[in-house]
Amino acid sequence: MSLIPAFQIGVWNAWIFVLYAILAICIIPVFNKSANQTGDHSAILNNKEKRILLSYHIIFLVQCLYSIFLPLKLGTAWFYAGLVVAFLGLVFYTSGIMSLATTHITEEPMTKGAYRFSRHPMYVSSSIMFLGVGIACASWLFILLTIAYAVLSLISSIAEERFLLLHYGDSYRQYMSRTPRWLGIPKSG
């Protein structure tokens, strides 16, 4: 990894992975009209949580913009190691997207697919995918941005869970008791 980040526009840059993350999020409302009907959780956020959520979105935007100029280190050990990590995140991310796109979620919380193993698979998988991209590009700056992204998503998820408890009540509380927040084996239940 170099101390000074590389900046060059190209076809084989990190934007390939980041574009997939953005497009996948855009697909959900097309296939699942109920995905946006649970409401806006930002209405219950306090000022500190709103700043954290804004920071989370800014970090993601910076990652998106930086990825356009960040070349993959093709043919190096960094590339292959990062590709494995990014691919694992990508598979889990796709599983979360498919779960959201194919499940009606207005009455009950999402508990299928990737949501069986994590209450926040989109946060977890995107963080893993971006970490892999940072490794594949041998970019300490992208890795640092990913760490900030992961920490801010951890904090944001707590407020999101508070909203989901208000929206779904006991069914979400039961889901919380059997499913880990980040990643793990669900408790039988």
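Brief remarks follow.
- Residues located in the range 65-103, provided they are surrounded by fewer than 20 Cβ atoms within 10 Å (Cβ to Cβ) and of a type in the set (Val, Ile, Thr): 68, 76, 84, 85, 91, 94, 102, 103
- Among (1) surrounded by fewer than 18 Cβ atoms within 10 Å (Cβ to Cβ); (2) aromatic (Phe, Trp, Tyr); (3) over 14 Å from residue 18 (Cα atoms) - the single one residue 115 does not satisfy: (1)
- Subset of the range 45-64 [within 14 Å of residue 15 (Cα to Cα) and surrounded by fewer than 15 Cβ atoms within 10 Å (Cβ to Cβ)]: 61
- Residues in the range 106-149 that are over 14 Å from the mean Cα position of the chain (by Cα) and within 30 Å of residue 171 (Cβ to Cβ): 106, 107, 108, 109, 110, 111, 112, 113, 116, 117.
- Residue among 139, 153 that alone is surrounded by 15 or more Cβ atoms within 10 Å (Cβ to Cβ), in contact (Cβ under 8 Å) with a residue 40 or more places away in the chain and in contact with a Pro (Cβ under 7 Å, 6 or more places away or on another chain): 139
- Within the range 79-102, the set of residues being touching a Leu at 6+ places or on another chain (Cβ under 9 Å) and of a type in the set (A, V, I, L, M) comprises 83, 85, 86.
- Those residues of the range 95-116 which are assigned to a helix (DSSP H, G or I) and in contact (Cβ under 8 Å) with a residue 40 or more places away in the chain, in sequence order: 97, 100, 101, 102, 115, 116
- For the range 125-153, the set of residues classified as among the polar types (S, T, N, Q) and under 12 Å from residue 73 (Cα atoms) consists of 139 only.
- Test: residue in the range 120-128 that is among the polar types (S, T, N, Q) and over 18 Å from residue 150 (Cα atoms): no
- Of all the numbered requirements in (1) in contact (Cβ under 8 Å) with a residue 60 or more places away in the chain; (2) more than 18 Å from residue 134 (Cβ to Cβ), residue 69 misses one, and that requirement is (2).
- Residue 39 being over 30 Å from residue 107 (Cα atoms), over 16 Å from the mean Cα position of the chain (by Cα) and modelled with pLDDT under 90: no
- Residue match in the range 76-90 (condition: at pLDDT 90 or above, of a type outside the set (Gly, Ala, Ser) and not in a helix (DSSP H, G or I)): yes
The values are calculated or read from the model by the stated rules, or taken from the named source; none is laboratory data. Predicted model only: the values in this text are computed from it and were never measured. No Cβ is skipped: glycine too gets one built from the backbone with ideal geometry, and neighbour counts run over all protein chains shown.
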